[in-house]
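Asks: A single structure is presented below for examination.
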Amino acid sequence: MKFVPETGFNILIVGRWNPSIFSPPWIRKNIVDDQTEVALAMAISDPAAPPRLSFSTTLLFPNRQLLDFRATELTLEAFQATGEVASKIVGLLPHTPISAIGINFRFLEEINAEKVASVFQFNDAAKIPHNKYPLDVSTITRSFLMPDGDSLNLSLTLQGERAQADFNFHTETMDVPTIQKKISKENLALRFEEARNFMQTTYDLTLEE
């Protein structure tokens, strides 16, 4: 399976944020050094879309409901660096009300989608007149409770010969040290391995390096 560019890795921190805080001067002063380029981009076609701040290997999309951190490079190391940025921001703004965080991975498979096709054999398929309602997309969504109190929300989508898997490791917490632990290098690597092992052991799908 392959990663999806940009949204292949991302961290969402849900809370009541002030987007105006996150300016290039603030990022240079508090997150990176003065020599690091920080670019700000606005979506002209959609004024309601959050701005995009890009620096080092991180893309940050701040809005009032959440901070969306994405890795510009599809590597675990870049994702871990993005987690460090998120952790630093949370530590600098400890009084911001936070309600939850999400660690997300998205994978695509376009060659061996038949490996997961059997998962989408629904009981009502034979009763649906496919000449009248030709099937386009099938999606299965599940939520699993994890031993540490987190939840894993898994969505599998099959469209033609393309399979997509979305993993969301969700934590509800307002505690800053807990949030920083969840987005630490060690925990991000653990979650990545959990997602990869799930796809391999359940569907015999391996991840391309």
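Asks: Among the residues of the range 62-89, which ones are in a strand (DSSP E or B) and over 11 Å from residue 11 (Cβ atoms)?
Replies: 62
Asks: Moving on to the next point. Within the range 15-26, identify whether any single residue is assigned to a helix (DSSP H, G or I), surrounded by fewer than 20 Cβ atoms within 10 Å (Cβ to Cβ) and touching a strand residue (DSSP E or B) at 6+ places or on another chain (Cβ under 7 Å), and answer yes or no.
Replies: Among the residues of the range 15-26, at least one is assigned to a helix (DSSP H, G or I), surrounded by fewer than 20 Cβ atoms within 10 Å (Cβ to Cβ) and touching a strand residue (DSSP E or B) at 6+ places or on another chain (Cβ under 7 Å), which makes the answer yes.
Asks: Could you go through the range 117-136 and let me know if any residue there is farther than 23 Å from residue 87 by Cα, buried (at least 17 other Cβ atoms within 10 Å of the Cβ) and touching a helix residue (DSSP H, G or I) at 6+ places or on another chain (Cβ under 9 Å).
Replies: no
Asks: Turning to a different aspect of this structure: Inspect the range 62-69 for any residue being crowded, with 17+ Cβ neighbours inside 10 Å and either free of Cβ contacts under 8 Å to residues at least 24 places away in the same chain or within 30 Å of residue 206 (Cα to Cα) (or both) and give the result as yes or no.
Replies: Yes, there is a match, as at least one residue in the range 62-69 is crowded, with 17+ Cβ neighbours inside 10 Å and either free of Cβ contacts under 8 Å to residues at least 24 places away in the same chain or within 30 Å of residue 206 (Cα to Cα) (or both).
Asks: Working only within the range 128-165, note down all residues that are basic (Lys, Arg) and at pLDDT below 90.
Replies: Across the range 128-165, the qualifying residue is only 162.
Asks: Looking at 79, 55, which is the one that is within 21 Å of the chain's Cα centre (by Cα), surrounded by 14 or more Cβ atoms within 10 Å (Cβ to Cβ), of a type in the set (A, V, I, L, M, F, W, C) and more than 17 Å from residue 185 (Cβ to Cβ)?
Replies: Among 79, 55, only 55 is within 21 Å of the chain's Cα centre (by Cα), surrounded by 14 or more Cβ atoms within 10 Å (Cβ to Cβ), of a type in the set (A, V, I, L, M, F, W, C) and more than 17 Å from residue 185 (Cβ to Cβ).
Asks: Sort through 93, 53, 12, 60 and tell me the only one that's in contact with a Leu (Cβ under 8 Å, 6 or more places away or on another chain), modelled with pLDDT of 95 or more and under 21 Å from residue 172 (Cβ atoms).
Replies: Only one candidate qualifies: 12.
The values are calculated or read from the model by the stated rules, or taken from the named source; none is laboratory data. This is a predicted model, so every value here is computed, not measured. Cβ sites come from the backbone with ideal geometry, for glycine too, and all protein chains shown count toward neighbours.
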